[in-house]
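Report on the structure given below.
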Amino acid sequence: MKINKKTFAVLSLTAVFAASSLFTSCNDLADDVKVEPSDWSEGKMTTSAYLMSSIGPNKYIESDALHLSYSEDGLTWTTLNSNEPVFTSTIGSCHFRDPCIFRLNDGSFVLLAADFTQSGKYWDLGSRSDVNNYWNHPSNCIIVAFSDDLVNWKNEHKLQITNATGTDGATRHVWTPRAMYNKQYKCYDIYWVGDNNDGTNMVYVSQTYDFYSVKSLSPELIYSPGYSVTAAYIVKDSDYYLFARDADKNYATFKGGDIQVASTDSWGNHFNRISDRYINRVSDQLSVEYVEYPCVFKLEDDATWVMIVNQENSPTTWSTYATTDISDNSSWVEASSLGLSFTLPDSNIDASVCRITEDELNTLIAAF
C-alpha cells in the first residue's frame, strides 16, 4: 500500500448528484499518494470470525471507550476483557463515541470514533447524568488510532473533518464515522453524519489517503431525505445500502424514530431512500419502536443479512432483524422468525462489525 503520511493540499470537490460521480477531482493527486488496492478492498474478504466494536451506555471515560466482542458465527457474541475497555482515549477529554474498526488495504486496522467534547468542558465525575451539558459541545474532529494486531493502538490523534459552521457561528458536529475503500480513486472515503447550517443531520463523505488529513474540509453530501437522520451504516451487496435512523419523529403520522434504508448502484453517487418503509417495523408499519445505532452485516452462510439495533428507551436492549434479499425493503423480518437466535453483549451500545482472521482472534483472546 502506498501512503504518503505528509499533509496534502486541500482540494475543492464539486458536488454532483444522481448518475454522476461526486468525487470528480480525486485523480488530480500524484500516483505516489494513492492507496493501491488489495484483497481487503471494500471490506469484502470473508474470514472466519467477527469483531464488534461498541461502547458502554454511560457518559464517563470507561464507558466512552473501545469495548470489543467476538463471534465465530455472527450470532453468539463473547465480550473481551470482561467487557472492560480495551482502549481508552488519551487525548482531549478522553471520551469518544461511535467506534468503528476498519481494515486498511495492507491488512492493518484503523479505529475511527466521534469526539463530542472538543471544548473539554465535560469532566469525568463518574456520573451517569449529563451534568455538564455533554451533548452541546460539538466537535468537527474525529478520533483516529492505528493497530497491527487489534491489541496495541498507536498514533492516536484528532482528525478535523469539516470547517462548517452554523448560522450562529457554532461548530458543526461529526458523528458515527465509518469508512469505505474507493476503488475508482484509490483512496479511503470516511462517511459520517453531521448537521448543516440549520441543524439538520445528513450523511456526508470526506476523502483521505492516510487518515491523517482529508482532501477537503468542505465535505460532499451523499444522503439527505429532507429531514434529520443519524447513525448511518453502509454495506455493499450488488448495490450499496445505507441504513440510518430517521430522527424526524412525528407521533401523529408515525414517521420517524426507526430505521430506513437508501441505496445507490455505484459508490460515489447520491443515495436515495428505497421506500417509505421502516425495516425494523416489518409487517406493522404503524408500530413505532424508536430504535437507534443500526449495525448490518452478513452471516457466514453468505446469504443472510442481519441488522442489530439498540432500543432508544432501553439502550442496552438489542433487537435483531434479518433478510436474504437486502434489495427488497419489505423482506426484513424479526431474526427469530428465520430461526436465528442471538447472544449479544448485555451492556453495550453503538456497535459496528468487521471480519477478522482466526489468528487475529486468537491473539485477541490471548491478550484479553
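The values are calculated or read from the model by the stated rules, or taken from the named source; none is laboratory data. Owing to the predicted nature of the structure, the values given are computational and were not obtained by experimental measurement. Cβ coordinates were reconstructed from backbone atoms using ideal geometry, including for glycine residues, and neighbour counts include every protein chain displayed. Side chains are part of the model used for accessible areas, which takes the heavy atoms of the whole protein and leaves out ligands, DNA and RNA. Shrake-Rupley method; radii C 1.70, N 1.55, O 1.52, S 1.80 Å.
Things to note:
- Exactly one residue out of Ser224, Ser206, Ser213, Ser147 is closer than 21 Å to Asp98 by Cα, among the hydroxyl-bearing types (Ser, Thr, Tyr) and open to solvent by 30 Å² or more (accessible area, probe 1.4 Å), and it is Ser224.
- Elements of type strands (runs of 3 or more DSSP E) in the stretch 254-342, at least 2 residues being under 19 Å from the mean Cα position of the chain (by Cα) and more than 14 Å from Ile234 (Cα to Cα): 291-298, 305-311, 318-323
- So Thr363, is it at pLDDT 95 or above, in contact with a helix residue (DSSP H, G or I) (Cβ under 9 Å, 6 or more places away or on another chain) and either open to solvent by 10 Å² or more (accessible area, probe 1.4 Å) or within 18 Å of Pro99 (Cβ to Cβ) (or both): no
- Sub-6 Å Cβ pairs linking a first residue in the stretch 240-269 that is more than 24 Å from Ser206 (Cα to Cα) to a second residue that is hydrophobic (A, V, I, L, M, F, W, C) and open to solvent by 10 Å² or more (accessible area, probe 1.4 Å), at least 6 apart or interchain, are Phe254/Leu286; Phe254/Val288; Gly257/Val288, ordered by first then second residue.
- Test: residue in the stretch 221-233 that is modelled with pLDDT under 95 and assigned to a strand (DSSP E or B): no
- Unmet requirement for Asp198, which otherwise passes all of (1) among the charged types (D, E, K, R); (2) surrounded by fewer than 20 Cβ atoms within 10 Å (Cβ to Cβ); (3) in contact with a helix residue (DSSP H, G or I) (Cβ under 9 Å, 6 or more places away or on another chain): (3)
- Among the residues making up the stretch 238-269, those that are open to solvent by 10 Å² or more (accessible area, probe 1.4 Å) and aliphatic (A, V, I, L, M) are Ala247, Ala252.
- Taken over the stretch 127-144, the criterion of being open to solvent by 20 Å² or more (accessible area, probe 1.4 Å) and either of a type in the set (Asp, Glu) or modelled with pLDDT of 95 or more (or both) is satisfied by Asp130 alone.
- Filter result for Ser347 (open to solvent by 40 Å² or more (accessible area, probe 1.4 Å), modelled with pLDDT of 95 or more, within 22 Å of Glu72 (Cβ to Cβ) and not β-branched (Val, Ile, Thr)): no
- Top-ranked residue in the stretch 90-99 [being more than 14 Å from Lys59 (Cβ to Cβ) and modelled with pLDDT under 95; ranked as surrounded by the most Cβ atoms within 10 Å (Cβ to Cβ)]: Gly92
- Filter result (of a type in the set (Gly, Ala, Ser) and either in contact with a Cys (Cβ under 6 Å, 6 or more places away or on another chain) or in contact (Cβ under 8 Å) with a residue 24 or more places away in the chain (or both)) within the stretch 158-214: Ala164, Gly166, Ala170, Ala179, Gly194, Gly199, Ser206, Ser213
- One residue stands out in the stretch 56-74 among those that are modelled with pLDDT of 95 or more and open to solvent by 30 Å² or more (accessible area, probe 1.4 Å): the one that is nearest to Tyr321 (Cα to Cα), namely Asp73.
- Subset of the stretch 234-251 (residues that are outside any loop (DSSP other than H, G, I, E, B) and within 17 Å of Asn329 (Cα to Cα)): Ile234, Val235, Lys236, Tyr240, Tyr241, Leu242, Phe243, Ala244, Arg245, Asp246
Listed here are the residues, each with its yes/no results for (1) in a strand (DSSP E or B); (2) surrounded by fewer than 22 Cβ atoms within 10 Å (Cβ to Cβ); (3) of a type in the set (Gly, Ala, Ser); (4) touching a His at 6+ places or on another chain (Cβ under 6 Å).
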position	(1), (2), (3), (4)
His157	yes, yes, no, no
Asn163	no, yes, no, no
Arg178	yes, yes, no, no
Gln184	no, yes, no, no
Trp192	yes, no, no, no
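- Restricting attention to the stretch 270-293, the residues that are open to solvent by less than 10 Å² (accessible area, probe 1.4 Å) and free of Cβ contacts under 8 Å to residues at least 24 places away in the same chain add up to 1.
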